[in-house]
Structure formats: structure tokens, C-alpha cells
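A short worksheet on the structure shown next.
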């Protein structure tokens, strides 16, 4: 397991990956898989963005989560969605989306 993930667990006072809940464990395993690869492919990046969008949308559907917390996720959702569009779009559309992303930054 990459050292940075071990340090993150230690910082949060977690002794083992087994102590994480289902969603946290899934995220942790995704991070581990990403960090152990030599190179990320475009498909890896797209999969990551899709998973992040799915996580955000799952949080939005949680009725117990405060509206302010849900609203804080909007910029992240927007960026991940735009990244997917940039990767999949033709050159002209990419240029327009890059300008939009630059404005968001």
C-alpha cells in the first residue's frame, strides 16, 4: 500500500482499512489502485470523474445532509462533468470548455 495512504489513515486515527465504512473503503481502494499504477490512461481519468460524480449525486440524494453541504458540492460536480466533456468532445468544443474551466478557477 502506498505510504501516503498509510499516513492518511494514521492522521485520521484509523488503524486499518477494515475500520472504514463501505463507501470509505471503496474510495480508499480506488485511491490505492490509482497510486500503484505507473501511468493513468484517459479512461482511468474518465472513470475517476464518473465515480466522483456518482458519489456527489449520492450525497445529494441523502435527505439527512444539510442543504449547505449539498450546495458546497456543486462546483466539484461542475468540474468533474466539464472534465468528462473536455475529454470526449471535439477540438473546438474542448477549446470552449477550457476557457470555461479557466474562468471557474
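The values are calculated or read from the model by the stated rules, or taken from the named source; none is laboratory data. Computed from a prediction, not measured in an experiment: that's the story for all the values here. Backbone-built Cβ (ideal geometry, glycine too); neighbour counts: all protein chains shown.
Results, tabulated for the structure shown:
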{"item": "Matching option when the condition is surrounded by 12 or more Cβ atoms within 10 Å (Cβ to Cβ) and touching a helix residue (DSSP H, G or I) at 6+ places or on another chain (Cβ under 9 Å), among 15, 25", "result": "25"}
{"item": "Filtered residues of segment 1-12 (kept if outside any loop (DSSP other than H, G, I, E, B) and out of contact with any helix residue (DSSP H, G or I) (no Cβ under 8 Å at 6 or more places or on another chain))", "result": "3, 6, 7, 8, 10, 11"}
{"item": "Residues of segment 22-49 that turn out to be at pLDDT below 85 and not in a helix (DSSP H, G or I), as a count", "result": "3"}
{"item": "Matching residues, segment 28-37, being in contact (Cβ under 8 Å) with a residue 24 or more places away in the chain and either surrounded by 13 or more Cβ atoms within 10 Å (Cβ to Cβ) or over 16 Å from the mean Cα position of the chain (by Cα) (or both)", "result": "31, 32, 36"}
{"item": "Conditions (1) surrounded by 14 or more Cβ atoms within 10 Å (Cβ to Cβ); (2) assigned to a helix (DSSP H, G or I); (3) outside the structural domain of residue 78 (by TED's automatic domain parsing); number of the one not met by residue 52", "result": "(3)"}
{"item": "Only listed residue being surrounded by fewer than 12 Cβ atoms within 10 Å (Cβ to Cβ), more than 17 Å from residue 24 (Cα to Cα) and in contact with a helix residue (DSSP H, G or I) (Cβ under 8 Å, 6 or more places away or on another chain), chosen from 105, 40", "result": "40"}
